[in-house]
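Asks: Sharing a structure here in structure tokens format.
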Amino acid sequence: MIPFLDLKRINEPYSEAIQQAVQRVATSGWYILGQEVESFERQFATYCQVKHCIGVANGLDALTLVLKAWDFPTGCEVIVASNAYIASILSISHAGLTPVFVEPGSRTYLLDPARIEAAITSRTKAILAVHLYGHCCDMEPINALAQRYGLRVLEDAAQAHGAIYKGKRAGALGHAAGWSFYPSKNLGALGDAGAITTDDDELASRLRALRNYGSAQKYLNQYAGYNSRLDAIQAAVLSVKLTQLDVTNDRRRAIALRYLTTITNPDIILPPSDQIEQDVWHLFVIRHPKRNALRDYLQKQGIGTDIHYPVPPHRQEAYAHLANQSFPISEQLHQEVVSLPLNPTITDEEVDYVIETINSMGNKWQDQQGRKTERVV
């Protein structure tokens with residue numbers, strides 16, 4: 001069995017260093033903010049090539065706090081890709097703003113710069129660029145549009161730790177970036193954790209207060225803030241794992257290259273490969289029109305898969321008021337995408353087996369009820 005994801009296996013190489021880091025925090029007597037958080041913030045800011053990193057509780061809070069800190073009037077609009085994960089959309093709603101969906105590129109699966117301008121109105125205040133699957137959005141035209149219309153650009157970099165766009169790291173490509181360190185991320189904690197990166201001194205100062213009840217000085221509250229602080233233990237764990245992020249990303253690239261160059265099944269649509277050395281391959285997402293049957297087949301062969309994501313945001317019950325909108329590219333992607341196993345601990349033999357299984361599917365296969373069905377891959 002090749003599981004889609006085995007977090008225990010992923011964290012095993014760091015076991016001793018993580019135990020030492022946790023013990024260091026446990027015996028320090030300081031568990032909220034403090035030296036461990038400040039140390040990780042400095043390291044991650046340096047890694048991302050920005051001036052500031054502000055640790056927060058999770059990725060959703062990271063995006064929400066930036067949008068709140070910008071203090072846009074309630075109901076103003078934020079443009080976002082229609083195939084983004086629901087957390088990206090929730091951040092806009094939680095900030096009292098209105099998400100405006102724009103279709104992704106059918107080849108890149110990322111926010112399509114060519115479609116953004118038509119969605120800009122007098123109420124538009126920001127563009128939320130989601131670096132989906134570990135690939136950076138095309139930020140040059142996005143930033144040009146933002147400058148032309150006086151908009152802010154917020155990166156959702158939750159899946160792009162270490163990704164590069166035209167020589168710059170994700171997290172340094174807009175006015176600010178929100179990060180998640182959920183355990184399955186390229187840089188994953190042992191629980192919920194997040195951060196914000198920015199070069200904006202004033203924004204960083206406000207965010208440090210907003211995450212801490214709106215207080216920059218104990219018992220003095222400048223803002224009606226939040227309790228969203230990066231846990232000291234998680235910061236210590238992240239500092240350990242950050243030292244190996246480039247190494248593990250290189251392993252992801254090597255696996256992605258194998259998939260891209262040796263999966264030859266003509267009915268599988270592979271992800272774009274023109275930026276393989278700059279992408280960090282958080283997910284390796286293929287497409288097939290009979291996605292569920294494909295997953296069932298692979299599962300029977302011992303290969304785990306996942307779907308990122310089965311339901312587009314405008315079809316979620318939480319956004320039922322948007323259900324009358326139509327985004328055909330996004331809807332097709334959500335019906336067809338399948339994520340193959342890809343993480344730094346997968347062996348070459350396991351990669352070979354995944355490739356061979358996909359390439360050698362017979363002319364017919366069994367459906368879940370055992371009836372003969374026509375081959376779909």
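Asks: Does residue 251 meet the test of being over 21 Å from residue 134 (Cα atoms), at pLDDT 95 or above, open to solvent by 20 Å² or more (accessible area, probe 1.4 Å) and part of a helix (DSSP H, G or I)?
Replies: no
Asks: Take the residues in the range 148-168 that are touching a strand residue (DSSP E or B) at 6+ places or on another chain (Cβ under 9 Å) and not in a loop (DSSP other than H, G, I, E, B); name whichever of them is nearest to residue 125 (Cα to Cα).
Replies: By that ranking, first place goes to 152.
Asks: Scan the range 207-215 and give yes if some residue there is assigned to a loop (DSSP other than H, G, I, E, B) and over 22 Å from residue 239 (Cβ atoms), otherwise no.
Replies: Yes, the conditions are met somewhere in the range 207-215.
Asks: Same structure, new question: Residue 165 - would you say it is open to solvent by less than 10 Å² (accessible area, probe 1.4 Å) and either under 16 Å from the mean Cα position of the chain (by Cα) or within 24 Å of residue 204 (Cβ to Cβ) (or both)?
Replies: No; evaluated as a whole, the condition is false for this residue.
Asks: Could you figure out which of (1) out of contact with any helix residue (DSSP H, G or I) (no Cβ under 9 Å at 6 or more places or on another chain); (2) modelled with pLDDT under 95 isn't true of residue 289?
Replies: Of (1) out of contact with any helix residue (DSSP H, G or I) (no Cβ under 9 Å at 6 or more places or on another chain); (2) modelled with pLDDT under 95, only one is false for residue 289: (1).
Asks: Quick one: which of 250, 192, 231, 200 is over 30 Å from residue 12 (Cβ atoms) and of a type in the set (D, E, K, R)?
Replies: 200
Asks: Output the qualifying pairs, or none if there are none: Cβ atoms under 9 angstrom, residues six or more apart or on different chains, first residue in the range 12-39 and over 11 Å from residue 239 (Cβ atoms), second residue of a type in the set (Asp, Glu) and not in a helix (DSSP H, G or I).
Replies: Within 9 Å, the pairs are 31/231; 32/231.
Asks: Look at residue 67 and say whether it is over 19 Å from residue 331 (Cβ atoms) and in contact with a Cys (Cβ under 6 Å, 6 or more places away or on another chain).
Replies: no
Asks: Right, something else. For the range 189-213, name all the residues that are open to solvent by less than 10 Å² (accessible area, probe 1.4 Å), farther than 27 Å from residue 147 by Cα and touching a helix residue (DSSP H, G or I) at 6+ places or on another chain (Cβ under 7 Å).
Replies: Within the range 189-213, 189, 193, 194 qualify.
Asks: Could you say whether any residue in the range 172-185 is more than 19 Å from residue 67 (Cα to Cα) and open to solvent by 70 Å² or more (accessible area, probe 1.4 Å)?
Replies: Yes.
Asks: In this structure, does residue 59 turn out to be open to solvent by less than 50 Å² (accessible area, probe 1.4 Å), within 30 Å of residue 104 (Cα to Cα) and touching a residue at least 40 places away in the same chain (Cβ under 8 Å)?
Replies: For residue 59, the condition - open to solvent by less than 50 Å² (accessible area, probe 1.4 Å), within 30 Å of residue 104 (Cα to Cα) and touching a residue at least 40 places away in the same chain (Cβ under 8 Å) - is met.
Asks: Give me the residue from the range 78-103 that is part of a helix (DSSP H, G or I) and more than 18 Å from the chain's Cα centre (by Cα) and, out of that set, nearest to residue 68 (Cα to Cα).
Replies: 94
Asks: Please find, within the range 317-344, the residue that is most open to solvent (accessible area, probe 1.4 Å) out of those that are over 21 Å from residue 296 (Cα atoms), outside any loop (DSSP other than H, G, I, E, B) and not aliphatic (A, V, I, L, M).
Replies: 317
Asks: Take the range 216-232 and flag every residue that is open to solvent by 30 Å² or more (accessible area, probe 1.4 Å) and either under 19 Å from residue 95 (Cβ atoms) or in a loop (DSSP other than H, G, I, E, B) (or both).
Replies: Hits for the range 216-232 are 218, 219, 222, 223, 224, 226, 227, 229.
Asks: What do you reckon, is residue 291 within 22 Å of residue 104 (Cα to Cα) and either touching a residue at least 40 places away in the same chain (Cβ under 8 Å) or touching a Ser or Thr at 6+ places or on another chain (Cβ under 6 Å) (or both)?
Replies: yes
Asks: While we're on this one: Determine whether residue 145 is free of Cβ contacts under 8 Å to residues at least 40 places away in the same chain, at negative phi and open to solvent by less than 30 Å² (accessible area, probe 1.4 Å).
Replies: Taking the combined requirement at face value, the residue satisfies it.
The values are calculated or read from the model by the stated rules, or taken from the named source; none is laboratory data. Source: prediction; values computed, not measured. So basically every Cβ, Gly included, is an ideal-geometry build from the backbone, and we count neighbours across all protein chains shown. Quick note on the areas: whole protein, heavy atoms, side chains included, nothing else; ligands and nucleic acids left out. Shrake-Rupley method; radii C 1.70, N 1.55, O 1.52, S 1.80 Å.
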